[in-house]
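Below is one structure, written out as structure tokens; comments come after it.
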Amino acid sequence: MHYLSGMSMLLRFAIEIVIAFFNFAEKPRKKSYFALRICVCSACVLAAIFCLPVSGITKTVVGQTVALTVTLCLLFILLWQISDTVLDAVFWFVMALITRNIAANTFQILERAVAGTNAAEIINDGTVGGMIIHYAIFFTVYFLEWFFVGKRVRKLGAKAKDIRRFLPVFISTAVTMLLLTEIDVNLADRLARVTSAVLQVLYGIVMLYLYYSILREIKFREEAAAMAMAAAMESKQFELLKESMSTISVKSHDLKYQIARMKETGDIPIVDSETQAALTVFDGTFNTGNATLDIILTDRCSRCVARNIEFTCIADAEKLAFMSPEDVYSLFCNAIDNAIEYEETLADNGNRYIHLSIKHEESFLCIHLENYYEGEFRGGQPETTKVDKNLHGYGTKSIKRVVERYGGTATFNGGNGAFELNALIPLT
């Protein structure tokens, strides 16, 4: 009977840790000999669960601690097989331990609060009613933890280089959990034991929030650094674009003039329409009232022509003078480049188009960009077509950053075969 009790304890403990682990961890990553690794590690865990109680090691508190420690070590080796690195596994594993500890102590608060009463027999973990209450509490705690922390942590994504910064916190967490457990075991008074369980629940919640806050801070710093680097690159690219477009426009104008003279003298055959169209692209086609925007539109229009994307623009950008050239470049280049990148992925079936309109209504500048779109639209932005998913979202964030800098708002909408960017900026 004691053997079954010890085996049940270890098995439940292992299952609870694994479920908590996947509250945080990303999808399993297959490594070489993945199936073999999982089978061997799982066999080791099950062997410990079934064999340790046989030795009678779970009869004492010290023995139970040893059995749990052995099971934990084997579980960690198992879960390591589906993590990218050891540090990743450590991070998710510590988070899982804290979550499981919160759930276990939540149940103990109820169990200890009714100790010595008639309800104790129902709440007791060894009864059917106690088991139902036990798993109801665990399910509730796990769900709340996933909803408020787990899915946010998973979205942020913890990489090994980030997790190194957590090592001091990991050590302090492990030491504190051991101390709290040791104190809890030696308590005899019911009120003290209830208080100990409450403190452990509160400690676990604080630690989960602390880990999430550290991750979020790291992510924000990385994004700020990436945005600053992107802004610096955009500034350099803008200067290069101005120089190249100026040179090309002059050469294009001279070439058109030479072709016209040669046609008159009959020195060359008539130039085909495609060549004429290509030259027209660089011949100051756009006159929006903003020199910076004219340069951008001329360059992006040429890219669309080369990729067989229909590009149309109706722009009255004279009121755009309040915005710095660097911000004009960042806003419109990111918007148009995102559209071009997507349109390039479509089959050339006549649906590839980009339309831009800029106008002012009363005291607002209205910017509308639309392109053909067939993809998914989630979380306020389209699904990425980039190979590197980590680069996803920086373009839209840059657009929002520029618009909000001038007190405006930018929204992104998708559906009915179109993706739309709408920006509204107050004219000052």
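The values are calculated or read from the model by the stated rules, or taken from the named source; none is laboratory data. Please read these numbers as outputs of a predicted model, since none were measured by experiment. For the accessible areas, the whole protein counts, side chains as well, though only heavy atoms, and no ligand, DNA or RNA atoms are used. Shrake-Rupley method; radii C 1.70, N 1.55, O 1.52, S 1.80 Å.
Of note:
- Accessible-area order (highest first, 1.4 angstrom probe) of the listed residues E370, E145: E370, E145
- Computed with a 1.4 Å probe over protein heavy atoms only, the accessible area of S172 comes to about 50 Å².
- Between amide H atoms placed 1.01 Å from N, distances below 5 Å from I354 occur with E310, F311, T312, all of them 5 or more places distant or on a separate chain.
- Greater than 27 Å apart at Cα, pairs in K151/K397; K31/K155; K155/K359; K31/K397: K155/K359; K31/K397
- Largest to smallest in accessible area, the residues K359, K397, K155, K31 fall in the order K155, K359, K397, K31 (1.4 Å probe, all protein chains included).
- The solvent-accessible area of D348, taken with every protein chain present and a 1.4 Å probe, is close to 90 Å².
- With all protein chains modelled, accessible area of L68 [1.4 Å, Å²]: 50
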